[in-house]
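Input: a single structure, listed below in structure tokens.
Where a number appears in this text, it was derived from the coordinates with a stated rule and is not lab data. Because the structure is a prediction, the values reported are computed rather than measured. Neighbour counts run over all protein chains shown; Cβ positions are idealised from the backbone, glycine included.
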Amino acid sequence: MKRPSSIALGTALLAGLGAAVFSAVSHQPTARSAELENFHLVGPTGRSYSIESFPSGSVLAIYFGYTTCQRSCPTALNDIAEAIDRMGKLGASVQPVFIDMDPNRAAPIGLPVYMEAFGQSFLGLTGSSDDIEQAAKSFEVRVGRTQLSADPSDYVMKHTSPIFVMRPGDPHPKRLPASSSPATIEAALRSAL
């Protein structure tokens, strides 16, 4: 009589353990492939870039925005520049990347000039509307265009973009609010290194 009750108890325990494991696994975030975090864009010289273009030992600080933005983009880029400066020699391992999501206004000549305002290491990327939309979608960045009049050139771009800190091979970039202080950005960059 003890044996059947032991078997029943063992079966119940195994079933409970199996349910617990299934429950724990089903509530974990699904791993995203590196391709979902990738982009295929071009630099000011026409060179193509993807995440794999950067050295594996580097850390990327990626920010999506617009060269025509007058508030959040220059503030976030300046904070990234200050964070890199605070790192001293370690800052050389950080590649700041700005992805301009308005290809109609991101002239190849204007983008490098805009980047120089934040530092010589800053890389400005853009591309076709489809390529930029895919990059934004991969990083879950929302973008919108508001037409102000019938004139096709009379519009403003709106977006929400965190600062992404990641190594090129990392499929899970760390998201920092765009309003993060240079100290917070520096800490994330150091941690990624």
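Quick notes on this structure:
- Put simply, when 160-172, 110-122 are sorted by average Cβ atoms within 10 angstrom per residue, most first, you get 160-172, 110-122.
- Shown for K89, K174, K158: other C-beta atoms within 10 Å of each C-beta, ranked fewest to most, produce the order K89, K158, K174.
- Euclidean distance of C-alpha centroids, region 87-103 and region 149-177, integer Å: 14 Å
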